[in-house]
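Engineer: Dropping a structure here in structure tokens format, bear with me for questions.
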Amino acid sequence: TDKVHVEHNGTRVSTPNIESGNGTVKNVVSVKNDSASSATVQVRATVYDANNNQVAQATSSSQSISANNSASITVQPVVSSPLLWSTQAPNLYTIITEVISDGSTVDTYKDRFGFRYYTFTRATGFTLNGVKTKLNGVCMHHDQGALGSAAYVDAMRRQIIKLKDMGVNSIRATHNPYSKTFYELCDELGVMVIEEFFDGWKGPKNGNSNDF
């Protein structure tokens, strides 16, 4: 990367007002300056729809970042009449984050996201985009049977499509986090995920001495 760049996993994209129909995309960007002198930077965020049409853009004001330091910069483009993500219609958008220093783009970062909102309450259960929804799910390990634990994109895509054909709209990632690609495929194909970090917390099981 350039000396001035987006930090590793340095973007956080959210859609805080979508429940009211407002298509604001809040992009909080951590920018790192690894150079020996201060740098004046801007962040530009451009949103594209699934057909690669530009639907929104915004640029932050200039901000100075001292040498060997980082800064959090927020930029909020607004998408007009955004399409919601659901399990039946998994509409996705792409946001391109650009770090601009001295008038030139020195780093770019790409994220995919969807507009959606949900509630989880004792009284009404789970709703997605205001619609009461049952989680028709499976509990599944991360491996691909005889293929083992390698994250083969085609194998995961085939697996998720077959589960969708069965009526599945959610997957419990049982016992361990999956690969990043698996979550991207679920976003693309319209599947909700319940992510489980570990299956052992306070004590080992099955005679294992190194459980968490």
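Engineer: Identify, please: which residue in the stretch 171-203 is in contact (Cβ under 8 Å) with a residue 60 or more places away in the chain and hydrophobic (A, V, I, L, M, F, W, C) and is, among those, nearest to T119 (Cα to Cα)?
Structural biologist: Going through the stretch 171-203, the residues in contact (Cβ under 8 Å) with a residue 60 or more places away in the chain turn out to be 184, 187-192.
From what's left, hydrophobic (A, V, I, L, M, F, W, C): 189, 191-192.
Numbers: L189: 21, V191: 17, M192: 14 Å.
Checked the stretch 171-203; the qualifying residue nearest to T119 (Cα to Cα) is M192.
Engineer: If you don't mind, another one. Please find, among S86, S60, S80, the residue that is surrounded by 17 or more Cβ atoms within 10 Å (Cβ to Cβ) and more than 30 Å from K3 (Cβ to Cβ).
Structural biologist: Numbers: S60 fails: more than 30 Å from K3 (Cβ to Cβ); S80 fails: surrounded by 17 or more Cβ atoms within 10 Å (Cβ to Cβ).
Only one candidate passes the filter, namely S86.
Engineer: Filter the stretch 117-174 for residues that are polar (S, T, N, Q), part of a loop (DSSP other than H, G, I, E, B) and under 20 Å from the mean Cα position of the chain (by Cα) and give the result.
Structural biologist: First, the residues of the stretch 117-174 that are polar (S, T, N, Q): 119, 121, 124, 127, 129, 133, 136, 144, 149, 159, 169-170, 174.
Imposing the further condition that a residue be part of a loop (DSSP other than H, G, I, E, B) reduces the set to 124, 129, 133, 136, 144, 149, 169, 174.
Result: N129, N169, T174.
Engineer: Additional query: Failed condition for K110, given (1) closer than 27 Å to D49 by Cα; (2) surrounded by 15 or more Cβ atoms within 10 Å (Cβ to Cβ); (3) touching a strand residue (DSSP E or B) at 6+ places or on another chain (Cβ under 7 Å), with all others met?
Structural biologist: (2)
Engineer: Taking G190 and the conditions (1) modelled with pLDDT of 95 or more; (2) open to solvent by 40 Å² or more (accessible area, probe 1.4 Å), which numbered condition does it fall short on, given that it satisfies the others?
Structural biologist: Every listed condition holds for G190 apart from (2).
Engineer: Can you tell me how many residues in the stretch 2-23 are open to solvent by 20 Å² or more (accessible area, probe 1.4 Å) and assigned to a strand (DSSP E or B)? Working first, answer last.
Structural biologist: First pass over the stretch 2-23, keeping only residues open to solvent by 20 Å² or more (accessible area, probe 1.4 Å): 2-3, 5, 7-9, 11-17, 19-22.
Then keep just the ones that are assigned to a strand (DSSP E or B); that gives 5, 7-9, 11-14.
Residues that pass the stated criteria total 8.
Engineer: Select from the stretch 113-141 the residues that are among the charged types (D, E, K, R) and surrounded by fewer than 11 Cβ atoms within 10 Å (Cβ to Cβ) and write down the one among them that is farthest from I160 (Cα to Cα).
Structural biologist: First, pick out the residues of the stretch 113-141 that are among the charged types (D, E, K, R): 116, 122, 132, 134.
Now narrow it down to the ones that are surrounded by fewer than 11 Cβ atoms within 10 Å (Cβ to Cβ): 122, 132, 134.
Details: R122: 29, K132: 23, K134: 18 Å.
In this case the residue turns out to be R122.
Engineer: For the stretch 24-41: of the residues being in contact (Cβ under 8 Å) with a residue 40 or more places away in the chain and either over 21 Å from the mean Cα position of the chain (by Cα) or not in a strand (DSSP E or B) (or both), which is surrounded by the most Cβ atoms within 10 Å (Cβ to Cβ)?
Structural biologist: By that ranking, first place goes to V25.
Engineer: Can you name every residue in the stretch 143-175 that is open to solvent by less than 70 Å² (accessible area, probe 1.4 Å), of a type in the set (S, T, Y) and modelled with pLDDT under 95?
Structural biologist: T174, the sole residue that qualifies.
Residue by residue, here is whether (1) of a type in the set (D, E); (2) within 20 Å of E184 (Cβ to Cβ) holds:
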residue: D107; (1), (2): yes, no
residue: G114; (1), (2): no, yes
residue: T124; (1), (2): no, no
residue: L135; (1), (2): no, no
residue: A150; (1), (2): no, yes
residue: V153; (1), (2): no, yes
residue: K164; (1), (2): no, yes
residue: S170; (1), (2): no, yes
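Engineer: Looking at the stretch 98-125, which of the residues that are of a type outside the set (D, E, K, R) and touching a Lys or Arg at 6+ places or on another chain (Cβ under 7 Å) is modelled with the lowest pLDDT? Outline the logic, then answer.
Structural biologist: Here is the first cut: in the stretch 98-125, the residues of a type outside the set (D, E, K, R) are 99-101, 103-106, 108-109, 113-115, 117-121, 123-125.
Then drop every residue that is not touching a Lys or Arg at 6+ places or on another chain (Cβ under 7 Å), which leaves 100, 124-125.
On the way: I100: 97, T124: 87, G125: 95.
My answer is T124.
Engineer: Quickly run through the stretch 42-87 and pick out the residues that are in contact with a Ser or Thr (Cβ under 8 Å, 6 or more places away or on another chain), in a strand (DSSP E or B) and hydroxyl-bearing (S, T, Y).
Structural biologist: Of everything in the stretch 42-87, those that are in contact with a Ser or Thr (Cβ under 8 Å, 6 or more places away or on another chain), in a strand (DSSP E or B) and hydroxyl-bearing (S, T, Y) turn out to be Y48, S64, S70, S72, T74.
The values are calculated or read from the model by the stated rules, or taken from the named source; none is laboratory data. Fair warning: this is a prediction, and the values are worked out from it, not measured in the lab. Here Cβ is always computed from backbone atoms with ideal geometry, including for glycine, and neighbour counts include all displayed protein chains. Surface areas here come from the heavy atoms of the whole protein model, side chains and all, with no ligands, DNA or RNA. Shrake-Rupley method; radii C 1.70, N 1.55, O 1.52, S 1.80 Å.
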